[in-house]
Every structure is written in C-alpha cells, then in structure tokens.
1. Among the listed residues B:S420, B:S448, identify the single one that is of a type in the set (S, T, Y) and crowded, with 18+ Cβ neighbours inside 10 Å.
2. Out of the stretch B:180-214, which residues are basic (K, R) and within 9 Å of another protein chain (Cβ to nearest Cβ)?
3. Out of the stretch B:418-462, which residues are modelled with pLDDT of 80 or more and outside any helix (DSSP H, G or I)?
4. For the stretch B:160-179, what are the residues that are within 14 Å of chain A (Cβ to nearest Cβ) and either within 34 Å of the chain's Cα centre (by Cα) or without any contact (Cβ under 8 Å) to a residue 12 or more places away in the chain (or both)?
5. Take A:I64 and decide whether it is within 30 Å of A:E192 (Cβ to Cβ), within 14 Å of another protein chain (Cβ to nearest Cβ) and of a type in the set (V, I, T).
6. Across the stretch A:1-26, which residue is farthest from B:P190 (Cα to Cα) among those that are assigned to a strand (DSSP E or B) and within 13 Å of another protein chain (Cβ to nearest Cβ)?
7. Does the stretch A:151-165 hold any residues that are modelled with pLDDT of 85 or more and within 18 Å of the chain's Cα centre (by Cα), and which are they?
8. Tell me which of these A:M231 doesn't satisfy, since it passes every other one: (1) under 22 Å from A:G38 (Cβ atoms); (2) touching a strand residue (DSSP E or B) at 6+ places or on another chain (Cβ under 6 Å).
Amino acid sequence: MSLELQHVRVMRGSFSLEADFSLQSGKVLVILGPSGCGKTTLLRAIAGLERIQRGQIILDGVRIDRLPTEKRHIGFVFQDLALFEQMRVKDNIGYSLKVHHEDKQQIQERTALLAHRFKIEHLLNRYPSELSGGERQRVAFARSLASSPSLMLLDEPLSALDAPLRREMRRFIRLQLAEGHLTAIHVTHDVEEAVDLADEIIVMRDGAVVGYGTMEELEQRPASGWLARFMNLGLVLPVTNIVAGRASDTLEVETHAGTVLSIPNRASLDISRLSKDKTCLYVPLAATDISESHSDRNIRARILRKIHSASHISKLVLMITGIENYYFEFPLGSHHTEILQEGKEIEISVDTERCQLLPEEPFALDDVVQPVSG
Amino acid sequence: MTRRITVVLYGLLCIIILFSLSPLAAFLNVALGRGLEGASTVPGAAFSNFLAQIPLSTILRSLEFTLLQSLVSTAVAVVIGLPGAWFVARFRFVGRKTLLALAAVPFCFPPILVILAFILYYGKEGLLSSVISLLFGSHRQYQGFLYSFWGLVMVHAFYNFPIVVHQISALWMRIPETQKEAAKTLGAGPLRAFRTGTLPWLLPGIAQAAGLIFLYCFFSFTTVLVFGGKVGTTIEVEIYYALHYQSNYALVLVLSMVETMCALLGILLLTRTQGRTQRTLRNFGRAQELRSPKGLQRLFIVIYGIFIVFFFIGPLLSIAIEAFRVPSPVGRATKFGLDNFERLVSGFQAPLLEAILSTVRLSGLAAILATITGIIASLALFFAEKRNQQGVLPKLIEVLQWLPMAVSSAIFAYGWLFLSSDRVVSSALVLAQAVIAWPFVSRALHASLRAIDPQVREAARTLGASPLRAFMTIELRTILPSVAAAAAFAFSITAGDVNVPLMLGMGEVETLPLLLYRLTAAYRFNEACAAGLILGIMTGFVFFLKEKVIDVA
C-alpha cells in the first residue's frame, strides 16, 4: 500500500469528516463530491495543513500524521495554484530544491529537465503574472514535482480554466502521472473529470465517504440513489410499494410512475422494515433502452431536449412521467434519431435483471440491507 | 454626467485650488518681504541680509532630530503594531474588536489629550509611579522617562501603533494562506514559508503604514513642544519658535521648505505603495476565515493584551480617573467627585462652557467648509479620472490632497492671517483648519466613489436611467453615508487640533484643546483631565457616530 488512512477524523467547527481508505502505489484516486462535502479538507489533512483529531495516515509504511507539512514529502497543487508571484518561474520550480539545500548545479539541471518535460523552457525567466492560465498550471505542476514527492495531491487545479483548456490539461496531467508512476489524489466536483482521470473514485457527501470503487463498480453498485443521480449513472425512481415476488428471490416494485417491475432480490431485505420513502429503484444506464413498442412494464418519459452532435455525445434530456424535477440524460447511440423529437412522449424499456433497490440517501437502509458480496 | 455640470464642477475646483494655495502664496509673499526688509537696494546685499537671518546650525540640528525621532518612533510603532495586526487578521479572541477600535485613538483623541494621559500615567507622580512605590516601597525607584528622547519616541509609538494594527490587519486578513501552505508542502519551515508566502504581500502595507506614521511623527508639534524641550526640537517646533519669539520669517521660510521636501519623500513612498496595497486588497477580495488560537498562540495573545492594557489603555483610563479625583493635601484620603468640572464651569474665569461653544462653533464651521470642499474635489477627481486617468487635472487634485501632510500648519494659519484684511484670528483659524481637513474628506469620498462597481451604474443605464439619474441613484446614494462619516471625521480633526490655535497664539478665543494645553502647562492636571474628558467624549462620540453610519451603510 502506498497510502493508508485509518479511521481519520477531522473537525472544523461543527463540521466533522471521517475517512478510512487505502490507495495503491502508482494509482490515481479521484475524490468527487458537491461543494462543501469536505474533499479539500481531507486533502489538506493528508498534507498536514489541517489537524486530525483521530486516526492515522501512513505513507509508504511511515506514519506521517504527526509530522509537520514540510516533512511529509508530499506534492500539492492548490486550487488557486499559489505560485510565488514575486519569483520567476525558474525560482518557483527550484524552490523546494533550494529549501532542501541542493547545490546550484543540481537545481538548474532539475529545473531544466522539468521545464522541458512540461514544455515551459521559454517561460523560465518570466514572472507568474506574465503567464496564461494553462502555463500557470504547468508551472504549478512542475514545481510540486521538483523534489520527487511520494504522493501528489491536486485540489481542483483545473476549476479556473475554460472548457477546452481544462480538457487539454486533464490529458496532460493524466499523462504526467502515468509516465512518472505517481500515486496521486485529485479532488474535483466534475464527474466527467473524475471519470477521465481516475483509477478509483471516492464520492463524498457531508464529510463522509458515500461511495468508493472503480467507475465500473460504482455503476454496478452505486450505494445510494443520491450517488447514482449525482453521477448520472442511471435511472433513479422513487418507489411506492414493494412486495415479495412470485418467485422467492424476486421483488415486485411499484414506481411513482405507476410501473410495476419484478426485480431480483440481491440483498437480504426485510421488507416489513423497509421504508418506501427512504428507498428508490436504480436502473443502470446499460439496462435501459428506448422502446419502439408499448408495454405496461416500460417507463414513460417526455423528450425535453434533444442534443444531436457529431463531435459531442448525442443525448436526450428526459422528464420521467409522474416524477417532478427529475431530468434524466440518456445517451442516444445509434437510435433512429429522426423519430425522437422534442416534446414527444417515449417509452424506456428496462432490463429488470440488472435493477436493484437502493437507499435514497447514503446509509439510510443500513439496518435493513445486507449487500450480497460479489 | 452632462457637460454643463462638469464645467460647473471644474469651475468650483479652480476655486478650491485657489483656496488651498492662496495662504501658501500669501505667506511666501509676506515672509520674503519681511526677510528682505531693511536691506539696501543692492539686490546682492538684500540676499546676503536674508541669508544672514538663517542659522544653518539650527536647521541642521532640528532636521537631524526630526528625522531621527520620526524614524525611531515609526520603527517602534511598527514593532508594537505588527503582532496585533497578525492576531486581529487571523484569530478570533476576546478583545479583538477593542484592539481594532483603538485605531480610532490617533484620529479622535487629539495629541494633547494623549500627552496628558502619558504625563498622568508615566510621570514621576503618575499612576505607574504609585504602582512601583507600592511594589518597591519608595517613589525614588522610579524617576520617569517622559522628558527624554525615548519618552518622546514612546509617546509617538503608542499614539500611532493602532494605525499599524488597523491598516496591516485589513490587508493581512485578505492574504490567503495558500502561498504559505504551498511553501510548506515544498519543504519550507514556518519562518521561511512566511517569508515566501505572506511577507511579499504584506510589505507594501507595512511601508504604507510606516510612511503615514513617519509623516505624523515628522510633523509632530505639541508632543515635542511638551516632552522634547530638553533633548531637541523638531522643524515644526522650530518654526513655532521662529514665528513667536524671533519673528524670523526668513528662517520660517527655509525651515518650512526643508520640511516640505522631506515630507514629499515620505508621500512618494506612500503613494507608490498605496497602489500595490489596493491591488492586493482588490485581487484577494474576501477576508480569510478567523480561527481560534491554540496553545502558544493563545499565550502570545494574552501577553500582548496585558502589554497593551498596561502601557496604552492604562494611560487613557487615567484621564477618566484623574478627571473625577479631587486633589487633596498630602496625608488626606483620596476623594472622587465633580469638583474639577465645577471649578471649570463656575470657578475663576470659568472657561469651560465658552471653550465648548467656541470649539463647536469654529470646528463646526471648519468641518462644514472642509466637507463641501471635499465633496467637490472628490467628484471632480472621480470624473476627471473617468475621462482621462493620466490627465493633469487628476494629478493636480491628488497632489493637493497631500498638502496638509506636506506643509506646516503654521504656514496655513499665518497665510490666512495675512490674507484677512483686519487680521481676524478666528476666521484664519477656521480657514486654516478647513484647508487641513478637506483632503481627508476628499480622500475618503473618492475611495467610496472608486469602490462602486461600474457595472451597477451601467445596469441603471440599461434600465433606462439618464446619466444624471444614474449618477443620483447610484453614485450619490452610495456615497451619502460616506459624506456624513467624512464630515464627522473632519469635525474630529478640527475640534482636536491644537497646532493651528497655538501657532496663531490666540488670545481672544479659547478652544477646548487650547484650554487643555494651558491647564496642562499650568500643572492643573485634574482640571485638564476634566476638560480632556469632555473633549475626548465629544470627538470620540462623533467618531463613533461615523463608524455607526458606515456600519449601517
């Protein structure tokens, strides 16, 4: 294990954060979550910029949570980049080497090497205020890598960039992390960015880890309706009734839209204790399709917007009949797009074998659901 | 803004320029005339006679002393103020607001009141002496230090350190921690991280506060007059001596020119750093979240609090105590009552009521005049800048705004005295104080005008408002509270001013600060405290109102 967080708790006023996970060497973990969920606080706690109340942080077998920041050997790219405006680019990059009393020759060589790798050789004598947004990003990244840290922490470094540059920098960061076999944690609230960069994803909400795994694992078992909706993993439908199915291992689930679906009972559910308000039906995106024929087991929806593009992902924005304020984005694929017009009612067929009941909010059904392993 | 209004505004501005520069010209004219008086008609001989009246050693001696005491006082004020600025900017603690509020002291408590407070507290017979005699059993242990170079430095430093706390904390609050944290993640220890991530942003603010304090100490008059006698005199005090005891106008002229040139250097430093400080404030915008102090931090705050209470708040409190303490023969128990106030109201000559009335009347007039002038100047500067930022007019108004910081108040006072045909001292006082106060009003209002987001005005225009209407509803409405605040500030400055009345040597009119000075000089300290308390309450109350107006706005 490269990084291990064991029962870590951070308190900031009335806000409390708990984390317990590990990250293998050379992997990129993305911490994803809405604003204020504690992802930056967690990153700062790992860097030693935030005091932890409980638990341990172990990096490459060494407990680091008692060490001051400057002794943790961690690279940190801040959201505002925090470049030293009074220093030239070369002095920014060479800063950590100077602090560690490396000799001048070595500092110059390492700075030149990083500048070449990050394609910023021509900027070395400039001040940060003379750089563009993308150039500043590269300098900040090169600076944090100068003293070959054991772990890279990236706190939403792309949030201030415009969309095309953000896309370009995403590719660049991923390439650099992969080439250097770096272990990294990247924080973002952008699902697309998370999917693009991550080997593993942690989803946080209100100071707690509410989802953890690869993208595939999260799609298969999102752990809560909230998470599935947040990441647009599939259809999340409120349920009005749940009864045991005719077959012993099935459940008959009635949704708000009036559709009754027979789904497999993957978890040991005590139906009598199950609160309908706290439960939802999750239909993975891969289990849905636009149906051209009518069926009572289909889910009805209205096309609000049709986005058709050759260069971008074509999709439909759907409003599910019977559910207010829920807009579902459905990728179009190779469907006959000419029959799908804005305002038209359509039906979505569901592969019920892949559906599952989830708690609406994270941990809401912990007392009644025991997930079946595998 | 319509063209006609702009023309009217610029016309008024010309009057302001004349109003501000004419006393200087009048003084120059009279001083040169009198300096050359009695000389032969040979031009060379007249000039020699003029030079003969200027003792070079006096100028050099006073310049050296002025620079030395200003620099040392500034350095000590910065050293005392910096920890306070850090605590206020970063931590949440009991007394934080009080520490910030102390910044009002240099502005709303006239120097004469602070001088009195220091005499009562640090003097040989003061409260500190009593404490030491209680501890060591004898008064002889403590000889007092006020009437020395370091005494003068201490008064200046303690009078001005709240400016450092206020100005630097306002800047520090906005400097994000990320650069310091970035330095830490790159391996820098706490001190190096501070040097890399915080200090570069803080330095312009420190330079600005130091520049301002340097100028205040450089022009220090009353404090040096009272405490500096034995060790040296500042240029301002030399000007006073030359005017009053020698009528040596040639010396006054040269001294004031030397003074102005030195002050301009300080102003240059101020204006150069002002831009950088404002940029830092604008770029970082939002203030950082305050946190609770921990461990050693808490201990430092407590020690600092005790230090400030003991050395700074103590003297101020002693005014209130002494105002109510009735002097009693040695051996008798100390009595408290309103006797000191009664003596001032109903005793021999009973000067208090008259002094209050003349202060309100004269300072009120000066404040009104300064406010009107300040409004016009700030609007003219605002619109001139909007049209042409690099133009001559904005530059000229900027320079004028620094006049009271660069020119001796004696020059303004005597300039107006020479201009008034019948030499009416009170009108010269009002005009001189107005010339000194209007730039403060103008600078405050101009800052408010600059702070208005231009897009708000543009939004009004897109919603159908004419330029005049947009101006009335946006700019004018926004700066109205600032006008009230600036007027209050002008009143605080003029009501507490003792320099101009002393320079004019006023005999027929008694203002509160003048009364305070005379009572102090006559060692009638308890009555001086009673008068001082009233003056402090008056200026403090007006300043408090100003802060409330700003809060409400």
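The values are calculated or read from the model by the stated rules, or taken from the named source; none is laboratory data. Note that the structure is a prediction, hence the values are computed from the model and not measured. Here Cβ is always computed from backbone atoms with ideal geometry, including for glycine, and neighbour counts include all displayed protein chains.
1. B:S448
2. Result: B:K180, B:K184, B:R192.
3. Within the stretch B:418-462, B:I452 is the sole residue that qualifies.
4. B:R174, B:I175, B:P176, B:E177
5. So A:I64 does not fit the description; no.
6. It comes out as A:F15.
7. A:M152, A:L153, A:L154, A:D155, A:E156, A:P157, A:L158
8. (2)
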